Amino acid sequence: MARANERVTNPNRTRDGDQRGREESQNIVLSKLRITDPRVDPSHAAFDFDRWSQTVARLRAELGVISPPRSGCVFRRLTVRGSASPIRYQDTVWTALVSLFDFSKLWRGAVQTKTILHNLDGVLQKGELLLVLGMPGSGCTTFLKAITGQTSGLDIDSETVIEYRGENPPSPPSSTRQAGTET
Amino acid sequence: MKSRFKGDLVYTQESDQHFPHLTVAQTLEFAGAMRTPRNRLPGLSRTDRVRHVVEVMLVAFGLFHVRDTIVGDDHVRGVSGGERKRVTIAEAALAEVAVSAWDNPTRGLDSASALNFVHRLRTLSDCKTFFLFSFSLSLSDHLHLSHQWPRHASQPRYTNHPRRYSTDSTRC
């Protein structure tokens, strides 16, 4: 099953110069690392991704190269709230101008908040594949966003503790910078 | 959290967002170049490393045949929807981060591609921690249910049982 999507077309169909360039670069990389196993060569029909990953991990360990970070995660009392006004108006040029002189924000009452996640506790081990299942609207995306720090528009409770690799950040997260990349 | 763990956490959203006029290979090469570490295997230049890793990811996720096709979006014609999803997946897999969250990554993929993708994540998760949010239960270690299922559905039907599962009820 894992072979089904590998190399579906004949590589010789590509432009010759491009193909030669790629083969040369593959040869450069693999010859520098003194690897001759065709299962690790992506330009070969017998390429095996599992074997490639294992080879990379083994080389990193042997040559003492720093490998990518592995991290567990612990969260306690994870409570996330979202807030939005019940009616949202489309901004126009007029409203944008008028908003400069709009002082009603100063005394606007509390915005409606809704608690999305209630007091979750959990542990994510290093190297673990965790499946988060839930009905639409039950907070799965919110949970993922809270763990990875994409909390613009969300409000994490002050009692919540989220720790990575055992380190506790000293200050509460600010809403301006974002930790991870969003793809 | 944000200032100290920047770059260690990735959230992959459900809808794909790419530069529509870049080819698949260019998209992945850009992503790979952004995430190439300074500590590489000795003797390996940055360019060679990026090209090699991109080639591996193209082959592993079945994108080799479209590597010179532009990605496109709703307005620009490019690769198919399933392939665009796989570009998203490959781009996130290139990142090699500590904790990675995937929001419904197999939406629009056929079951063979979805299973292939889960196999790849399983392999990659030996190097990192993962969340997975999708409906493929077969290879997960743990299962976290974020909604209290009604009693008749409390026995989910899957073949390879996750070793442990936790339930948590959230009131919507």
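The values are calculated or read from the model by the stated rules, or taken from the named source; none is laboratory data. What you see is a predicted model, and the numbers here were worked out from it, not measured in a lab. Glycine also receives a Cβ, built like all others from the backbone with ideal geometry; neighbour counts cover every protein chain displayed.
To keep it simple, each residue is scored yes or no on (1) more than 9 Å from every other protein chain (Cβ to nearest Cβ); (2) farther than 29 Å from A:Ala45 by Cβ.
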| position | (1), (2) |
| --- | --- |
| B:Asp16 | no, yes |
| B:Gly43 | no, no |
| B:Arg49 | no, no |
| B:Val79 | yes, no |
| B:Lys85 | yes, no |
| B:Asp103 | no, yes |
| B:Ser111 | yes, no |
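Check A:Pro42 against each of (1) within 7 Å of chain B (Cβ to nearest Cβ); (2) at pLDDT 55 or above; (3) out of contact with any Phe, Trp or Tyr (no Cβ under 8 Å at 6 or more places or on another chain); (4) under 12 Å from B:Ala60 (Cα atoms) and name the one condition it does not meet.
That leaves (3) as the condition not met.
Going by the conditions given, is B:Cys172 under 16 Å from the mean Cα position of the chain (by Cα), assigned to a loop (DSSP other than H, G, I, E, B), modelled with pLDDT under 80 and facing chain A (nearest Cβ under 7 Å)?
Numbers: under 16 Å from the mean Cα position of the chain (by Cα): no; assigned to a loop (DSSP other than H, G, I, E, B): yes; modelled with pLDDT under 80: yes; facing chain A (nearest Cβ under 7 Å): yes.
Answer is no for this residue.
For region A:53-66, which residues satisfy the criterion of being in contact with a helix residue (DSSP H, G or I) (Cβ under 9 Å, 6 or more places away or on another chain) and facing chain B (nearest Cβ under 7 Å)?
Selection gives A:Ser53, A:Val65, A:Ile66.
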